[in-house]
Amino acid sequence: MELLKFYGWWEFVVCSFAFVALMSIWYHIGKRQKDFGPVWLAFSVLCWAFSGLVELLFWDSSSNELHYRDGLRSILSLMNSLFILMALPWFKYLPKPFEALIKSRFWMYIIGIPFVFALLPTLHKMFLARTASLISELDVYYALLTLVFLGFVLWESFVKRRLPILGWLSLTTVLVTLLAQVFKFIGDGSNLLLFSAIFKTTLIMLFFALALSWVKELVETIIPGPYQLNMRFGNIRTVENKSHKAVVLQGFPGNEDRSIQLSPSLYGLLKTFAERKLSTEEGWLEIKPKNFDHNKSYDINDHNELKRLLEALLNGLFGKEAWTKDKHYTPLKNTLFELSESQARKIRLQLPKENILIENE
C-alpha cells in the first residue's frame, strides 16, 4: 500500500509539472504558430496527473471501493489515449500509409466512436459492479490503437527532422508501453507499476524532445536576408571521394554550411545569375516572353524555370515536402531575386557582390 501511495505522489507531481511545462512551450511558441498539437499532448499528460491523484484518494480504501478507483483510472487512461490521438493531425510529418486517414475530416469519428464504446461500459460497470475485478479493461484495447498510430508518427517526425536516435528511442518506448498493457491484462500489480512508471517517464521526455525538435526546425528554417546570406559555387567532394558541382549557402541559423547539389541546367542558371551580378553594373537577366523574338536569345526560358530552381534549392536545404510556400518559398524568392520595376521580365540576384564567390572549377 505504501508503494501505491509513493507511486501516486510521483505520478501526480511529475505529470502536473510536465503539463505546465508543455503548456508553457505552447504559450510562448505554438500559440503564435496556431499549432494546438502540444496542447492535446499536455492534456494527455494531465490525465496521468489525475490518475496519480486517484491513487492517493483511494490508497487506503476498502475492497468494496476499489472498483471506483479502477474505474476512474480506466476513464483517465481512455482520455489520455484520446488526447494523444487528437494531437496527431497537428503533426507536420505523418507516415504515408496513415497521412490521408489522420488528416481526413472523418478522423474525429474514427477515434471518437471507439472511445464512446469503451467509455460507456466502463461507466456502467464502475457504478454497478460490486468488485474491482468486474471493471472492463476496454481502455487497454483503445491504448493499443493509440500506440500503433503514435509509434509511426513519432518515428516519422524524428527521422524527417534528422534525429534518428530519438526515432529509435520512441519505438523502444512504444514497446515498453505495450509490455505495460500486457501486465495490465494478466493483473501483475508490481510489474505493472514498474513498467507504468518507466513508459510514462520516457513518453513525457519524448514529448519534450518532440517539442524541442519542433523549435529546432522553426529556427533552422528561418530564411536569412540578402545581406546575411553568402553563396559559393564550386566542387564538393562526397564521402565516396567523388567531386561534383554544388552551391553552398552560408548565413542560416547555427552557422551551418548548406551544400546543395543541383541539376546541370539549374546549377548553370544560378551561376549565370551570379556571374552577371559580378561582371555587370546592374546584373539583370531577361525572361523569354510568350511572343518572343526568334532572332534574340534570352537568359531564362520561362517563369517555371525559376520556380524549379527555387524548389530544388528548398529541397536541398530542408528536404522534400518539409517546406511551405508561405514560410519558405516566398521568403527565399524575396531574398535571392529582385524584379525590375521599370523593365518587364527583368530579374537579378539580390545578394551583394561581396557575398558571392565563384571558385575555380
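The values are calculated or read from the model by the stated rules, or taken from the named source; none is laboratory data. Every value quoted in this text rests on a predicted model; they were computed, and no experiment measured them. No Cβ is skipped: glycine too gets one built from the backbone with ideal geometry, and neighbour counts run over all protein chains shown. Please note that ligands, DNA and RNA were not included when accessible areas were found on the heavy atoms of the full protein model with its side chains. Shrake-Rupley method; radii C 1.70, N 1.55, O 1.52, S 1.80 Å.
Using C-alpha pairs below 8 Å separated by at least 6 residues, the relative contact order for the chain is 12 percent. The shape of segment 303-361 comes out oblate: with a ≥ b ≥ c from the C-alpha gyration tensor, a/c is at least 1.5 while a/b does not beat b/c.
When +1 charges are put on Lys and Arg Cβ atoms and -1 charges on Asp and Glu Cβ atoms, the dipole computed for the chain relative to its Cα centre reaches about 720 debye. Annotation: amide H of Leu285 within the under-5 Å range of Ile347, Arg348, sequence separation 5 or more or interchain, hydrogens built in the peptide plane. With all protein chains in place and ligands, DNA and RNA left out, the 1.4 Å accessible area ranks Arg105, Arg69, Arg308 as Arg105, Arg308, Arg69, largest first. Calculated FRET efficiency, Val13 and His244, Cβ-Cβ r, R0 41 Å, to nearest 0.05? The formula returns an efficiency of 0.15 here.
Of all complete DSSP H helices in the chain, those with a Cα span along the helix axis of 18 Å or greater and a mean Kyte-Doolittle hydropathy of 0.5 or more are 2-25, 37-58, 66-87, 107-128, 138-160, 164-186, 189-220. Scanning residues 5 or more positions from Phe337 or on other chains, those with amide H under 5 Å from its amide H are Gln350, with H placed 1.01 Å from N in the peptide plane.
In the chain, a dipole from Cβ-located charges (positive for Lys and Arg, negative for Asp and Glu) runs towards its positive end, and of Leu56, Val159, Pro289 it is Pro289 whose Cα lies farthest in that direction.
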